[in-house]
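Heads up, the thing below is written out as structure tokens.
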Amino acid sequence: MSRMPTLFLSHGSPMHALDPGGAGPAWQAIAADVPRPKAIVVASAHWETSLPMLSGRESLDTIHDFGGFPAELYRVRYDVPGSPATAQRAADLLREAGFTPAVNGCRGIDHGAWVPLKWMYPERDVPVIQVSVQTPLGTAHHLRVGEALAPLADEGVLIVGSGHVTHNLQDWFRHHADPRPLDYVAQFSEWLARAIDANDRDALLNYRDRAPSAARAHPTEEHFLPLFVALGAAGPAAQARRMYATIDAAALAMDAYRFDG
């Protein structure tokens, strides 16, 4: 079995489940270009815990972890099989790397995972395991999480980081009626593309000091940290491809990356 790539996806607002715009066809094309995985491990910005947690249910029901959206959105379901065995394998790998993981037998699948997966795997027949982020622990911690999970990519598991290239909700609420991108969003997105293309991991790990308008692009870090899980799982010499790039509602860069180790 050939090694699976890893992915970083900007998952968009929950409304992308109903109207994905250009992201939907892009996600479909990404999935079509990837070998069919035996399972998917998703590090989602929408599951924050103090220690690494993995979803370990036999089946994951849909979590509508948002409010104030049209009623139609709450009727969208993406219930998928889980894989307790894969969750346990991931926990064992994390434990061997010095982490203190745990398996959660109750949690379902949040919109950070199911919004893009709805378009990528619409038949809902690929098992999904979610892994949480530990926002206060920063970029290097999440790179190490990805490195610990890397053997899964050799076992037919697709590792996905789901977050956002930029994620400033105040700017989104303030400007989303005007489709013209805010200057800093494009500047940050292009800086990131150059750093990823150069595999400049020092710059990436220290992006808050190195990237333009980093604190405005990410007032909080939970939506950027899944990138480092995908990057770490791909290996130190991974080749990166920017698979999609656009800016949604002025403030949300929707870039997607594929990493081949």
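The values are calculated or read from the model by the stated rules, or taken from the named source; none is laboratory data. Keep in mind the model is a prediction, meaning the values are calculated, not measured. Methodologically, a virtual Cβ is constructed for each residue, glycine included, from the backbone with ideal geometry; neighbour enumeration extends over all protein chains shown. Keep in mind that these areas ignore ligands, DNA and RNA; they rest on the heavy atoms of the full protein, side chains included. Shrake-Rupley method; radii C 1.70, N 1.55, O 1.52, S 1.80 Å.
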**Solvent-accessible area, 1.4 Å probe, carbon plus sulfur percent, for the chain** = 51
**Request:** Hand me the GluC sites (Glu not before Pro) from the stretch 96-155 located in a DSSP loop with no more than 15 other Cβ atoms within 10 Å, in residue order please.
**Result:** E123
**Asked** How large is the accessible surface per residue of the stretch 134-261, computed with a 1.4 Å probe and reported in Å² as a whole number?
**Response** 40
**Asked** Using 0.36 nm per residue, how much length does the chain from D202 to A32 gain when fully extended, once their Cα-Cα distance is taken away?
**Response** 58.0 nm
**Asked** Taking the alpha-carbon centroid of each part, what is the distance from the stretch 143-203 to the stretch 244-261 in angstrom?
**Response** 7
**Asked** Within the stretch 159-191, what residues put their amide N at less than 11 Å from the label point 7 Å along the Cα-to-Cβ vector of A215?
**Response** none
